[in-house]
Amino acid sequence: MRLRFPFLSLTITFCRSCSCPNSDHPGPINNAGQYRGRGAPELDIFEAEKDKDNTDGQVVSQSAQVAPFFHDYLYLNATPDEHTVYDTSRTRINSYHGSAVQQSISSLTRVPSDMFQGSGRNFKVFGFEYWSDPNDPTSGYVEWVVDGSPSHRMGATAIGPDPENQGGTGIGQRLVPLEPMSIVLNLGISRRSFPGCFDWIIPFCLSPKTFSSYSQLAADRYIYYDFSFRIFN
């Protein structure tokens, strides 16, 4: 694989295609009855930050982060099926396209000012939907919502093959997730995203024993404590 940047390592997690039925992490099955291996992509419902391109206001970043990468972190966006921004007056393509550990397909959307604790505390609807077909990985998509309206959409063809004979890295079609994924609620606050905003106190608690996922998490503790762990058997 030929890359345009000097990557030293890619510490992502893989799920084998040869996982057994009824195991903890069985792969998706296609029409031929075959399991498929898959990577572990990341779909960001939203990450909030100050709007760095304007003197005031806030935006949310909504992203699909995948590996391996296109050359120069490019992705296909020449057609609406590949990538769509629904309202360019509030949503723009993110200039961040990736790092040494991920390629990012991302947009930034301005959010209403009255949704914050000090300016109205009005609830707003954020969300996303993803869908894919194990028999046709080019037909999937991810679509994000801000303030109750679609913000942008990534079709699976946006992360299609990058042929080496056309100057690419030689990688094939990356996958929109084919199955449910873990949900991570991160309450960390970055000084880079919110300079001067560290007088906040965020009360938060969870009682995971009340959730059905508790037993699964307990059974797979090694995944979360062994940082060298990379492959599900």
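Worth a mention:
- Selection within the range 46-89: residues that are within 11 Å of Ser107 (Cα to Cα) and among the β-branched types (Val, Ile, Thr). The member of this set that is surrounded by the most Cβ atoms within 10 Å (Cβ to Cβ) is Val59.
- For the range 29-42, the condition of being at pLDDT 75 or above and surrounded by 15 or more Cβ atoms within 10 Å (Cβ to Cβ) holds for at least one residue.
- Filtered by the rule that a residue be assigned to a loop (DSSP other than H, G, I, E, B), among the charged types (D, E, K, R) and touching a residue at least 24 places away in the same chain (Cβ under 8 Å), the range 102-132 gives a lone residue, Lys124.
The values are calculated or read from the model by the stated rules, or taken from the named source; none is laboratory data. Owing to the predicted nature of the structure, the values given are computational and were not obtained by experimental measurement. Quick reminder, even Gly has a Cβ in these numbers, built from the backbone with ideal geometry, and neighbours come from all protein chains shown.
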